[in-house]
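Everything below concerns the one structure shown next.
A short reminder: the numbers here are calculations on the coordinates, not readings from a lab. As the structure is a computational prediction, the values presented were derived from the model and not from experiment. Counting neighbours? That spans all protein chains shown, and the Cβs are built from the backbone with ideal geometry, glycine included.
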Amino acid sequence: MPKFPKLSVEARTAKGRKVKQLRRQGLIPGNVFGKKITSQSIQFDAKVFAKLYDEVGETGIVTVAIGEKTYPCLVVGQAKDPVTSQILHVDFHNVSLKEKVTATIPLEIIGESAAVKDLGGVLNQVLHELEVEALPTDLPENIEVDISSLAAIGDSIAISDIKIPAELTVALEPEAVIITVAEPAPEEVEEPAEEEATADAEAEAGEKSETAPAEGEGGEEKSEETKEE
């Protein structure tokens, strides 16, 4: 068997609420399963796994060693704490290196679009990953999508427009759209806040009251003139 990054694990007996104690000890609970093996509960060092996962991701093969037995596996699932992002559980799928498997490959956007840079278009990514079928050793880390061909608003890139290794069989149709360029959002005209409008109205009313004669002032002047006459 080819050499792959190795992860030494131990059989796990702790289950249910007891797995919290494992995490406090820096261990991660997990499972190994596959067509040719019975599902096994395992535990392993969190720091060792984090370093290994940075290297292989979900498409690289890991040799899971339980005692003297080894199993080529793919990391097919991780449960994480939504707040701390701590890894709570990991599943390993034991695979045959001679049999094709189904996997999801991330799409990586590269390049620069003139429609976005010069015209202010908005990239709308419809697909973020592709489901493919291939031998475990042929699975790439990602598939690149070059957006430099997007020159006008409304341009798009479909699966048929990108380079996909011949070893991969994509589940979706070639016409499936990966990314498009949409028109820029219209600029919103800011209306004056209600408080500002009220303040302006009050100020205008104050100016009028200062220029108008006070109530009764005209009558008093007229009565004085009548007395003098």
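Summary of values
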| read-out | value |
| --- | --- |
| Ascending count of other beta-carbon atoms within 10 Å, so fewest first, for ILE162, ILE61 | ILE162, ILE61 |
| Extent along principal axes [Cα atoms of the range 6-96; Å; largest to smallest] | 35, 27, 19 |
| 31 Å Cα-Cα threshold exceeded, pairs from LYS15/LYS47; LYS15/LYS100; LYS3/LYS36; LYS6/LYS36 | LYS15/LYS100 |
| Volume in Å³ per residue [convex hull over Cα atoms, computed for the range 71-181] | 120 |
